[in-house]
1. Placing +1 on the Cβ of each Lys and Arg and -1 on the Cβ of each Asp and Glu in segment 78-192, which of Asn79, Ser163, Ala147 has its Cα farthest towards the positive end of the resulting dipole?
2. Could you state the angle between the C-alpha long axis of helix 70-83 and the longest principal axis of the C-alpha atoms of the chain, as a value from 0 to 90 degrees rounded to the nearest 10?
3. Please report the relative contact order for the chain, taking Cα pairs under 8 Å with a sequence separation of at least 6, and give it as a percent rounded to a whole number.
4. May I ask you to derive the relative contact order of segment 138-192, considering only C-alpha pairs under 8 Å and at least 6 residues apart, and to give it as an integer percent?
5. Once you order the gyration tensor axes a ≥ b ≥ c over the Cα atoms, which shape class does segment 1-125 get: rounded for a/c under 1.5, otherwise prolate or oblate by comparing a/b with b/c?
6. Calculate how many DSSP beta bridges within the chain are antiparallel, expressed in % of all such bridges and rounded to the nearest 5.
7. Against the longest principal axis of the chain, how steep is helix 21-30, in degrees 0 to 90 to the nearest 10, with axes from Cα atoms?
8. How large, in percent, is the carbon and sulfur part of the accessible surface of the chain at a probe radius of 1.4 Å?
Amino acid sequence: MVKLTGLKKIKTAVFISGAGSNLKNLIKFSKIKNSPISIDLIFSNNSKAKGLRFSRQFKIKENVSSFKNPKVAETKILNILKKENIKFICLAGFMKVLSKDFIKKFSGRIINIHPSLLPKYKGLDTHMKAIKNRDKIAGCTVHFVTAKLDSGKIILRKEVKISKRDTPTSLAKKILKEEHKLYPAAIKKIFN
Ligand code: GAR
């Protein structure tokens, strides 16, 4: 991990595909005086992502590029990241897999939040898998992004109890609440 601390906040981009509750939470965190990051760019592969409303609300630059042709999209993003001098990337509900080449260019400087206790349940439908398997505990993980899906070094994890009445939807809601605490805590852990 490249040490990025200094007097100025680290210019950060957040990548989203959907609702953006983690994005909103990270924006709020970034505005705290001793937060190590500032959020200077929001990127989405999905022009209909609800979370894009936060770029307008908080006056943060946004960029949208569909991943129909991932190589073209990634080249475009890399140019914007360079232009905006972005040094750190947080994936927050970003549902596309970034290429090896892209990750290499930001090696040690991309992190992701995932709604399971990794290494358990990589990929999609994590809440359904946990309930189907009658797990008693689920949770969320913040980890560094590497070329292998949901497999990079773990920064922090938080457990959440699964009750007998939980459905994938109710479990997702409970975990999301914890994600909102875990993501800022993981960023603090990296930089402080
Ligand atoms: C979050 O639960 C996040 O962990 C998950 O998508 C949700 C996004 O919610 N991410 C993944 O599943 C990535 N594989 P949000 O848009 O409200 O932040």
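1. Ser163
2. The angle comes out at about 60 degrees.
3. Details: 353 pairs, mean separation 39.1, N = 192.
Contact order relative to length: 20 percent.
4. Values: 60 pairs, mean separation 20.8, N = 55.
Dividing the mean separation by the residue count of segment 138-192 yields 38 percent.
5. rounded
6. Approximately 40 percent, going by the DSSP bridge assignments.
7. Relative to the chain, helix 21-30 is tipped by roughly 50 degrees.
8. Carbon and sulfur: 55 percent of the exposed surface of the chain.
The values are calculated or read from the model by the stated rules, or taken from the named source; none is laboratory data. The structure displayed is predicted, hence computed values, not measured ones. Backbone-built Cβ (ideal geometry, glycine too); neighbour counts: all protein chains shown. For the accessible areas, the whole protein counts, side chains as well, though only heavy atoms, and no ligand, DNA or RNA atoms are used. Shrake-Rupley method; radii C 1.70, N 1.55, O 1.52, S 1.80 Å.
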